[in-house]
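A.B. asks: Supplied in structure tokens, the structure appears directly below.
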Amino acid sequence: MTEQALMEVMTAAANPRRGASRLRLLDPALIGAVLIAALIVLALVAPMVSGHDPALNNLAQRLQPPSGQHWFGTDQFGRDLFTRVFVAARIDLLLGLLGALIPAVIGIGLGCAAGYFGRWVGTIVLRLADVIQSFPNYILVIALVLLLGPGPKSFLVGAAISAWVTYARLVRGVVLRIRSNDYIAAAQAAGLGHRRVLTRHVLPNALPQAIVYGASDLVLSLGFLCSLSYLGLGVQPPAIEWGQIIAEGQTFLRTQWWISIAPGLAIIYVGIAVRLIAVGMERRTTE
Amino acid sequence: MTSHRFAFIGKRIVQTIPLLLVVLVAVFSMLKLVPGDPARQVAGPRASEAQIAVVREQLGLNESLPAQFFGYLSRIVHGDLGMTANGALHVSDVIRQNAPVTALVLSITIVFTALIAIPLAMLASHRPNGVIDRGLQVMATFGVGIPTFWMGIVLLAVVALPTGAFPTGGWGDTFAEQLRASTLPALALSISVAPILFASLRSSIIEVKRSDYYTAARAAGVEGSRLIRKFVLRNAAVPPIALLAALTTILLSGVVVVEATFGLPGLGQTLVEGAKKRDFNVVQGLTLLFTVCVVGVNLLGDVLIAIVDPRVELS
């Protein structure tokens, strides 16, 4: 239910009006991929482009507004914000991706098992999903912080525990639908083992939907990571991360509002790019 | 209501009990999952061996696991969630003191979310895939991607600081002050929740309008607000109500974040501070409270569906 509604919001632009879809000069997936690639390149070369070290304090230059020398201004330690915002993309993209990828692998596996083997395996997975969904994911991770300490580890473990549920439900549904098809029965009758049937016939059919949802989940995962870091429970300094820069900048919101604004725009930029990729993929799977 | 509906509701209540028990076991197990000696963790790094022994006794760690669990259960039933780490306050008192802040922010958020999502969903479903509908869908897609805490900061920078009409942090003594302090946090939160309700409601209204009973009602001459209330909204409300539990988890997660952004002394702040200070009982108690809320709302959603949906499957 959640997944349906979320998918609908996330890929709302996926069903273009008739006629418009024939004009496929621009593939949204391609645009999204180019936007992400551009961000990755900038994340890697930003210190060279700006000529500033993202971690270098320069108290004489503290809290400067955007200028020719510091394109996004500087923070309270005089560190160059342009460099910091783009260098932060390294950690944010990597952890955001892992925060979606790990649960995806777990969820697809459990969903396949639940749908294919049915009966009690399915029941166990679904009941487990019910329990997990009773824990709001931020609360679950904050509880984990108590056990594992603040840091990416708590975020990743929390994502692995909580976010697989949607993938499992989604994949289970698809598997149930295709399991009733004749070719699966034929494959089994022909003596193919469970593993072969699963990897050759079931998984390829279940995967496209899971991948489309995964793109939406990536956006959620990134927002989750940044929120935790903003709360001081995620990525810890000296590592450079968007949520953290926003939290530091909030102190100076009255006079230096740009400190907190730039990293937020970066998060939204990634969200738009990833969603464009999702829209492109959704169009491909529905055709 | 027919007796069928009562039977359905009763069955759902009974079905909730095992879920609640498993949730309780999970929250109880938190203590068991603490790496190292839980008594040492709770007592803190500067505690002496004797103090740790006292804590171990207090936590009942010398008893068997089932005995510990039933001890935990009976304490919860009596409203005892233990003391805060510094031993000064009962966790249940801390919750009682801070809960009104969170409750007010959440209530206003729900009002804002409904005020944003319902009219826009009706507007969008008027002409499905028309210009307005597509525009609103794209807006919803982007709205859901804006991080709640950042939205809060933007509202602080754009609304609170220049106008001075809203406080930039803290609560208030009078209800009017508290309402003002809750407005922007609630708005920030509803901007990320409203798109989900909007999307769900939009597609269910479109579906209702395609249905035979809607055509029949119109053919029978039902018009205007009566048509909207009795036929469209009532039937279209079912999928969004089914979303209620999911929306609650999103709301509870979100309120933790906006409370931090706006410096509100609510349960979310208590939880975050508790995690930072490694205050075990506070985090455990709040985790339990939030989770029981979700389970409760889930049940409430099912009961509402049984009442609202004329076609409820009573199986």
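A.B. asks: Name the residues in the range B:128-187 that are within 8 Å of chain A (Cβ to nearest Cβ), over 28 Å from A:Leu225 (Cβ atoms) and modelled with pLDDT of 90 or more, would you?
C.D. replies: Hit for the range B:128-187 is B:Arg134, nothing else.
A.B. asks: Scan the range B:242-294 for residues that are without any contact (Cβ under 8 Å) to a residue 24 or more places away in the chain and more than 9 Å from chain A (Cβ to nearest Cβ) and jot them down.
C.D. replies: Matches in the range B:242-294: B:Glu273 only.
A.B. asks: Let me ask something else. Has the range A:203-217 got any residue that is away from chain B (no Cβ under 12 Å) and polar (S, T, N, Q)?
C.D. replies: Yes - at least one qualifying residue is present in the range A:203-217.
A.B. asks: If we keep just the residues of the range A:226-255 that are within 10 Å of chain B (Cβ to nearest Cβ), of a type in the set (A, V, I, L, M) and within 20 Å of B:Gly274 (Cα to Cα), which is farthest from the chain's Cα centre (by Cα)?
C.D. replies: Top of the filtered list is A:Ala247.
A.B. asks: At least 2 residues that are closer than 30 Å to A:Phe135 by Cβ in each: list the helices (runs of 4 or more DSSP H) lying fully within the range A:148-196 that qualify.
C.D. replies: Helices (runs of 4 or more DSSP H) meeting the threshold: A:152-162, A:164-179.
A.B. asks: I would also like to ask the following. Is there a residue being outside any helix (DSSP H, G or I) and in contact with a strand residue (DSSP E or B) (Cβ under 9 Å, 6 or more places away or on another chain) anywhere in the range B:57-67?
C.D. replies: no
A.B. asks: Also, quick follow-up: Can you tell me which residue among A:Ile132, A:Ile108, A:Ile124 is surrounded by fewer than 17 Cβ atoms within 10 Å (Cβ to Cβ) and in a helix (DSSP H, G or I)?
C.D. replies: On inspection, the qualifying residue turns out to be A:Ile124.
A.B. asks: Given the options A:Val235, A:Val212, A:Val274, name the one that is β-branched (Val, Ile, Thr), part of a helix (DSSP H, G or I) and at pLDDT 90 or above.
C.D. replies: Answer to the check: A:Val274.
A.B. asks: Here's a follow-up. Considering each residue of the range A:256-287, count those that are out of contact with any helix residue (DSSP H, G or I) (no Cβ under 8 Å at 6 or more places or on another chain) and either within 22 Å of A:Thr83 (Cα to Cα) or within 9 Å of chain B (Cβ to nearest Cβ) (or both), and give that number.
C.D. replies: Of the residues in that region, 1 qualify.
A.B. asks: Filtering the range B:69-93 down to residues that are in a helix (DSSP H, G or I) and either without any contact (Cβ under 8 Å) to a residue 24 or more places away in the chain or in contact with a Cys (Cβ under 8 Å, 6 or more places away or on another chain) (or both), which residue is surrounded by the fewest Cβ atoms within 10 Å (Cβ to Cβ)?
C.D. replies: B:Val77
A.B. asks: Got a sec? Which of B:Arg210, B:Arg134, B:Arg202 is more than 24 Å from the chain's Cα centre (by Cα), of a type outside the set (Gly, Ala, Ser) and surrounded by 18 or more Cβ atoms within 10 Å (Cβ to Cβ)?
C.D. replies: B:Arg134
A.B. asks: Which residues, counting only those in the range A:91-140, are charged (D, E, K, R) and within 12 Å of another protein chain (Cβ to nearest Cβ)?
C.D. replies: Listed by number, the residues that qualify are A:Asp92, A:Arg127, A:Asp130.
A.B. asks: Give A:Val235, A:Val212, A:Val202 a once-over and let me know the one that is in contact (Cβ under 8 Å) with a residue 40 or more places away in the chain, β-branched (Val, Ile, Thr), within 24 Å of A:Phe82 (Cα to Cα) and in contact with a helix residue (DSSP H, G or I) (Cβ under 7 Å, 6 or more places away or on another chain).
C.D. replies: Criteria check complete, one pass: A:Val235.
A.B. asks: Mind listing whichever residues of the range A:240-260 are in contact (Cβ under 8 Å) with a residue 12 or more places away in the chain, under 11 Å from B:Ala157 (Cβ atoms) and part of a helix (DSSP H, G or I)?
C.D. replies: Once the filter is applied, which keeps residues that are in contact (Cβ under 8 Å) with a residue 12 or more places away in the chain, under 11 Å from B:Ala157 (Cβ atoms) and part of a helix (DSSP H, G or I), the range A:240-260 yields A:Gly249, A:Trp258, A:Ile259, A:Ser260.
A.B. asks: Would you please list the contacts, defined by Cβ atoms under 8 Å and residues six or more apart or on different chains, that run from a residue in the range B:108-129 that is without any contact (Cβ under 8 Å) to a residue 12 or more places away in the chain to a residue that is in a helix (DSSP H, G or I) and surrounded by fewer than 21 Cβ atoms within 10 Å (Cβ to Cβ)?
C.D. replies: Going by the 8 Å Cβ cut-off, the qualifying pairs are B:His126/B:Ile132; B:His126/B:Asp133; B:Arg127/B:Asp133.
The values are calculated or read from the model by the stated rules, or taken from the named source; none is laboratory data. Model, not experiment: these values are computed from the prediction. Using ideal geometry, Cβ is built from the backbone for each residue, glycine included, and neighbour counts are taken over all protein chains shown.
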